[in-house]
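Read the structure below first, then the notes.
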Amino acid sequence: MPSLRDIRRKIRTVNNIKQITQAMKMVAAARLKKVQDRVTAGKPYAEKLQELMGYLAPHVTQIQHPLLEVRPIQATGVVVIAGDKGLCGSYNNNIIRRAQQFLNGLTVSEKLLITIGRKSTEFFRKRGYRVHASFPQIGVDAPYAEIKRIADAITGLYLSQTVDEVYIAYTEFVSSLQQRPQVIKFLPIEPPQTETTAGRGTPEGALEYIFEPPAPELLATLLPRYVEQRIYHLLLESVASEFGARMTAMTNATDNAGELIKELTLAANKARQASITKELLEVVSGAEALKG
Amino acid sequence: MPEKSFHLDIVTPERLLFSGEVTSVVAPGVKGYFGVMANHQPMIAALSPGVLRVEGAGGGQTVMAVSGGFFEVSDNRAIVLADTAELAQEIDVPRARAAWQRAKDRLMGRLKTDEKLDVDRARAALLRAAARLKAAGQIKDA
């Protein structure tokens, strides 16, 4: 049986851990809020961009743009978005496993990876996958320019015809308690939906727009921005998921530590009682012996 | 009678920079600056790096530097989708000046030998820096 001192020391240790996990939980919660604010701040831009695509699509009959070009698939690029740090439950594991599963399922011989976040970089490097480029995880306050660099690397891979399609593995943020690893097809872009232009002739929606420059050119400048914006969004969503996962993991760790402290305190009290009883017994039996 | 106003939003991927009633906007289109007032015909335009001037409905002018993007107006609602946008007073002038100088040096030194991409990039950087300086009132013409 461990001595009273050992147990007390253990309680102190667990208490320290509890304080750390509690602090990490708070930090994760604050960061999550920040990321969510950023997603909200970016929403008007994203929505408007989508809207503009919608306006333009009907005016462009034959869309030809390198980002839309469908080629026979000889090489596939996969972007894996994970985190830099651990201690966030199974966030990194889940997305990496999902990505690996997807990679193994691909039939093409050429598979190129772009990894974002140290965890995914290390994982795929160690296992001999071809990692074309890797980036550190983006922070909560990462400027748009930094994200643009990542976007350029991804589109560059496709535009240079190194790969013929690009998938992105990211973690969808469902709620702070639930995150879902996903793989989506990213490039080539599905041509913007012309939402049944044939159906409606020129009623309410069809305003006569002036285009400057003409619609096809306009669309050509719009598409790269659309791609950037999507990547920006996926990155932020993954970051939000990570903080959500970390928050949950740290809440659990804090609860467990509390539980452990309770048990240890009980053990400590028992040990203390036992030692008092023992001392009493010694005193009493000593006195008895003297009387004798 | 006060001048007619219309609603304008200026958004970037990161934030909503401006939202309010305005009487006129002057924006840097790809083929030169254009002005928009109330009741303008629906229009979508691409923007190049330059200075965006907004006349507020209550008087008062807002000046900002944009580095390209889009402009849309319909039904007296206008929106600027800027890649980046900074209010004139937010602009870091020494930094913009340094960027301008750097881009200029690159253009001067490398124009003949290097591949096209670099030149394009340097030119774009020069335009952006010039737009910033211009918005901050540091130079008259870019």
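Since every read-out is calculated from the coordinates, none of them should be taken as a lab result. Owing to the predicted nature of the structure, the values given are computational and were not obtained by experimental measurement. Positions of Cβ are generated from backbone atoms using ideal geometry, with glycine treated the same way; all protein chains shown enter the neighbour counts.
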| Which whole-number percent is the relative contact order of chain B (Cα, under 8 Å, 6+ apart)? | 22 percent
| said: Using Cβ contacts closer than 10 Å as the measure, can you line up A:239, A:174, A:60 from fewest to most? | reply: A:174, A:60, A:239
| said: Below 8 Å between Cα atoms, with a sequence gap of 6+, how large is the relative contact order for chain A in percent? | reply: 32 percent
| request: Would you calculate, for chain B, the mean residue ellipticity at 222 nm contributed by helices, counting each DSSP H stretch of 4 or more residues as -39,500 (n - 2.57) and dividing by all residues, to the nearest 500? | output: -9000 deg cm²/dmol
| Cβ-based exposure ranking for A:127, A:8, A:71, in which fewest neighbours within 10 Å come first | A:127, A:71, A:8
| query | What is the set of long-range amide H partners of residue A:83 at a cut-off below 5 Å, with H atoms built 1.01 Å from backbone N? | reply | A:119, A:120
| said: List the lysines whose Cα sits under 26 Å from the Cα of residue A:18, skipping any in the same chain fewer than 8 residues away. | reply: A:10, A:33, A:34, A:85, A:119, A:262, A:270
| said: Pairs on different chains or at least eight residues apart, Cα atoms closer than 22 Å: how many lysine pairs in chain B fit? | reply: 6
| Of all DSSP beta bridges located in the protein assembly as shown, what percent are antiparallel, nearest 5? | 65 percent
| request: Treat every Asp and Glu Cβ in the protein assembly as shown as -1 and every Lys and Arg Cβ as +1, leave all other atoms uncharged, and give the resulting dipole magnitude about the Cα centre to the nearest 20 debye. | output: 2160 debye
| Dipole-positive endmost among B:36, B:69, B:25 within chain B (Cβ charges, Cα centre) | B:69
| task | List A:288, A:69 from most exposed to least, where exposure is judged by having the fewest other Cβ atoms within 10 Å. | result | A:288, A:69
| message | Can you compute 3J(HN,Hα) from phi for each residue in the stretch A:167-183, using the Karplus curve 6.51 cos²θ - 1.76 cosθ + 1.60 with θ = phi - 60°, rounded to whole Hz and x for Gly and Pro? | response | 10, 10, 9, 9, 10, 6, 8, 8, 7, 5, 9, 9, 10, 10, x, 9, 10
| task | Calculate for chain A the 222 nm mean residue ellipticity that helices alone would give, adding -39,500 (n - 2.57) per DSSP H run of length 4 or more and normalising by residue count, nearest 500 deg cm²/dmol. | result | -21500 deg cm²/dmol
